[in-house]
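The values are calculated or read from the model by the stated rules, or taken from the named source; none is laboratory data. Since this is a predicted model, take the numbers as computed values, not measurements. Backbone-built Cβ (ideal geometry, glycine too); neighbour counts: all protein chains shown.
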Amino acid sequence: MTAEMIGGLLTIAAVIGVFYNLWNATQSFGGIIGQGIRRIGIGIVFLTLESIDRIAQNFGASGAVATLFPLEYRSVVHDSLLLVALFFLALGFAKFSKALKS
């Protein structure tokens with residue numbers, strides 16, 4: 001196993017840990033507000049993962065995407081991560097607007 005592969009796997013492990021902690025932390029809010037915070041948190045995690053991976057590529061190191069996917073699919077994976085992040089952010093803000101209406 002190379003150092004780049006280990007770095008990519010550690011990044012993925014950290015993201016899984018953030019998801020777990022986010023899920024547990026937002027249960028204390030409950031209801032629509034908790035669901036909105038959870039979805040916004042998931043979107044922010046995806047945005048962070050995508051930006052850290054692009055920064056790693058710009059500095060010459062290979063990030064998690066470069067380690068796990070072939071060269072021809074990297075830009076598609078980055079764009080997909082960005083779309084997933086924006087989707088979860090939109091869902092979170094939609095939940096917040098639903099909470100304000102009720």
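Only residues that are within 17 Å of residue 7 (Cα to Cα) and not polar (S, T, N, Q): list them for the range 47-62, please.
First pass over the range 47-62, keeping only residues within 17 Å of residue 7 (Cα to Cα): 48-62.
49, 50, 52, 53, 54, 55, 56, 59, 60, 61 - these are the residues of the range 47-62 that are within 17 Å of residue 7 (Cα to Cα) and not polar (S, T, N, Q).
Give the range 58-81 a look and list any residue that's more than 18 Å from residue 13 (Cα to Cα), out of contact with any Phe, Trp or Tyr (no Cβ under 8 Å at 6 or more places or on another chain) and outside any loop (DSSP other than H, G, I, E, B), or say none.
58, 71, 72, 73, 74, 75, 76, 78, 79, 80
Report the residue count in the range 44-72 for those that are modelled with pLDDT of 85 or more and of a type in the set (Phe, Trp, Tyr).
1
Kindly check whether there is at least one residue in the range 1-11 that is touching a helix residue (DSSP H, G or I) at 6+ places or on another chain (Cβ under 9 Å), in a helix (DSSP H, G or I) and among the hydroxyl-bearing types (Ser, Thr, Tyr).
Yes - at least one qualifying residue is present in the range 1-11.
Which ones in the range 1-43 are surrounded by 14 or more Cβ atoms within 10 Å (Cβ to Cβ), of a type outside the set (Val, Ile, Thr) and at pLDDT 85 or above?
34, 35, 36, 38, 39, 41, 43
Any idea which of 96, 69, 59 is hydrophobic (A, V, I, L, M, F, W, C) and in contact (Cβ under 8 Å) with a residue 60 or more places away in the chain? Spell out the reasoning first.
Working: 69 fails: in contact (Cβ under 8 Å) with a residue 60 or more places away in the chain; 59 fails: in contact (Cβ under 8 Å) with a residue 60 or more places away in the chain.
Residue meeting the stated conditions: 96.
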